[in-house]
Amino acid sequence: MYPNLYYVFKDWFGVEWKPLSFLNTFGFMVAMGFIAAAIAISSELKRKEKLGLLFPREEYITVGKSASFLDLLVNFITGFLFGYKLIGLFFNKPADISPQTYIFSTEGNLAAGLILGVGLAGLKWWEKNKQKLKEPEQRVLRIWPHDRVGDIVVISLVFGIIGAKLFDNFENWDDFVAHPVERIFSAGGLTFYGGLIVAAIAICVYAYKKNIRMVHLVDAIAPAMLIAYAVGRIGCQVSGDGDWGIYNSAYITDVNSGKAVLAKPGQYEAQLEKYKTYFLDGDRKSASLAEVPHKNIIAPSFLPVWMLAYSFPQNVNKDGIKIASLTEEHDRALPVPVFPTAFYETIISTFLFLILWSVRKRIRIAGMMTGLYLLVNGMERFMIEKIRVNNQIHVLGFKLSQAELISICLMVAGAVIIFYLSAMKPKKA
């Protein structure tokens with residue numbers, strides 16, 4: 001496992017650069033997911049612009065003005081925060097606290113913060129002064145929708161994280177009430193559908209304000225969401241962020257190596273008993289050992305065992321039992337291997353993206369791509385939830401997880417959109 005980039009460089013290149021421990025692999029792959037989405041969205045928006053479906057908007061800007069106090073203040077604060085925290089992280093962080101804890105503490109490098117803050121403010125003043133005119137002028141810019149992809153990605157990132165945190169804390173309300181600050185600022189605890197819903201609302205508001213035809217924008221974003229999700233799930237898999245499935249009782253974890261080994265008769269039950277405190281009192285606690293969620297499936301000979309039973313050794317959450325052979329910070333593995341659902345979702349979401357991307361040019365009805373995305377995304381997540389562990393809620397006599405309930409709503413919405421648009425097509429013709 002690679003909880004952060006320090007472990008990546010240590011394993012791949014044999015170097016031990018401790019400052020890299022600040023960069024979690026989960027966050028890095030999420031960033032890569034947003035970049036992949038930005039490329040796909042930009043490409044699709046340009047295609048729709050050439051077809052005459054999207055148009056530019058004229059906006060007025062004032063050029064030749066000197067830097068305002070607000071410009072200088074914003075740049076100073078930005079530079080100060082980066083210098084105070086990031087430089088401090090590399091040179092001032094105590095060895096006994098994690099990078100995330102340090103980032104959200106009051107500790108930092110004051111001198112580096114002041115130097116970088118003054119430097120960025122000075123750079124802004126110099127840049128504005130170089131472009132200064134005797135009389136500031138107003139100019140007209142034609143901005144196409146694809147020019148706004150950067151804004152769209154930033155909006156989706158910020159509101160996606162906010163939504164993911166809100167929905168996760170709602171799903172785990174008791175833990176949130178007990179530890180509100182800890183849960184808000186923790187690196188984990190993100191619910192995908194919460195991020196999707198809140199980010200979608202924010203992007204629609206942005207599109208409305210910028211006079212972008214919303215149906216074509218959403219159609220362009222739909223397939224990109226699948227590839228972004230697939231790449232982001234790679235981060236879940238390689239870091240072991242806790243987003244995994246139920247236990248595979250055909251295997252147990254070897255305490256010396258942290259690897260999954262085939263269980264002999266009675267070994268699974270013995271493992272539950274041996275580590276019953278973990279199973280009954282941990283984050284994924286069960287009411288009794290008999291109720292620990294599991295399936296017994298032996299990996300076929302042509303597949304690696306980890307594809308069906310993975311113990312997530314050295315996971316970023318430090319979850320599980322200690323691996324006897326390790327003395328590093330991340331030295332834990334799950335006592336019983338689980339189904340690596342993040343890996344499954346990466347494969348399925350990539351496959352679905354390729355399908356939607358390949359048929360996008362043949363779809364002539366605006367909104368149909370959005371309907372297809374909602375349908376296949378809901379189906380994918382609903383199926384995966386069958387081998388994942390989440391808090392259950394009671395809905396009309398059924399016990400469903402939050403993700404299952406939202407998946408059903410997305411499938412219904414997607415099916416309704418597809419049916420409605422298909423029925424309307426002959427009338428338009």
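The values are calculated or read from the model by the stated rules, or taken from the named source; none is laboratory data. Because the structure is a prediction, the values reported are computed rather than measured. Cβ coordinates were reconstructed from backbone atoms using ideal geometry, including for glycine residues, and neighbour counts include every protein chain displayed.
Some observations on this one:
- Just one residue in the set ILE97, ILE41 is at pLDDT 85 or above and of a type in the set (Val, Ile, Thr); that residue is ILE41.
- Scanning the stretch 293-342 for residues that are of a type in the set (Val, Ile, Thr), surrounded by fewer than 14 Cβ atoms within 10 Å (Cβ to Cβ) and modelled with pLDDT under 95 returns a single hit, THR327.
- Filtering the stretch 37-50 for residues that are over 30 Å from PHE9 (Cβ atoms), loosely packed, with under 14 Cβ neighbours inside 10 Å and outside the structural domain of GLU135 (by TED's automatic domain parsing) leaves a non-empty set.
- In the stretch 119-140, the residues that are out of contact with any helix residue (DSSP H, G or I) (no Cβ under 9 Å at 6 or more places or on another chain) and hydrophobic (A, V, I, L, M, F, W, C): TRP126, LEU133, VAL140
- Count of the stretch 330-345 residues which are touching a residue at least 40 places away in the same chain (Cβ under 8 Å) and assigned to a loop (DSSP other than H, G, I, E, B): 7
- Residue within the stretch 231-244 that is more than 30 Å from ILE197 (Cα to Cα) and acidic (Asp, Glu) present: no
Table: residues versus (1) of a type outside the set (S, T, N, Q); (2) under 23 Å from the mean Cα position of the chain (by Cα); (3) under 13 Å from LYS259 (Cβ atoms).
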position: LYS274; (1), (2), (3): yes, no, no
position: TYR278; (1), (2), (3): yes, no, no
position: SER286; (1), (2), (3): no, no, no
position: SER301; (1), (2), (3): no, no, no
position: TRP306; (1), (2), (3): yes, yes, yes
position: VAL316; (1), (2), (3): yes, yes, no
position: ASP319; (1), (2), (3): yes, yes, no
position: ALA324; (1), (2), (3): yes, no, yes
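- Residue that is modelled with the highest pLDDT [pool: residues in the stretch 186-205 that are β-branched (Val, Ile, Thr) and more than 16 Å from ALA222 (Cα to Cα)]: VAL205
- Test: residue in the stretch 273-281 that is without any contact (Cβ under 8 Å) to a residue 24 or more places away in the chain, among the hydroxyl-bearing types (Ser, Thr, Tyr) and surrounded by fewer than 18 Cβ atoms within 10 Å (Cβ to Cβ): yes
- Residue match in the stretch 1-22 (condition: assigned to a helix (DSSP H, G or I) and among the acidic types (Asp, Glu)): yes
- Of the residues making up the stretch 241-261, those that are surrounded by 12 or more Cβ atoms within 10 Å (Cβ to Cβ), farther than 27 Å from LEU23 by Cα and in contact (Cβ under 8 Å) with a residue 40 or more places away in the chain are ILE246, TYR247, ASN248, SER249, ALA250, TYR251, ILE252, THR253, VAL255, ALA260.
- Hits in the stretch 346-388 (condition: closer than 30 Å to VAL305 by Cα, basic (Lys, Arg) and without any contact (Cβ under 8 Å) to a residue 24 or more places away in the chain): LYS386
- Residue match in the stretch 223-240 (condition: modelled with pLDDT of 95 or more, out of contact with any Pro (no Cβ under 7 Å at 6 or more places or on another chain), assigned to a loop (DSSP other than H, G, I, E, B) and buried (at least 20 other Cβ atoms within 10 Å of the Cβ)): no
- Total residues in the stretch 362-390, condition in a helix (DSSP H, G or I) and either charged (D, E, K, R) or over 30 Å from VAL292 (Cβ atoms) (or both): 14
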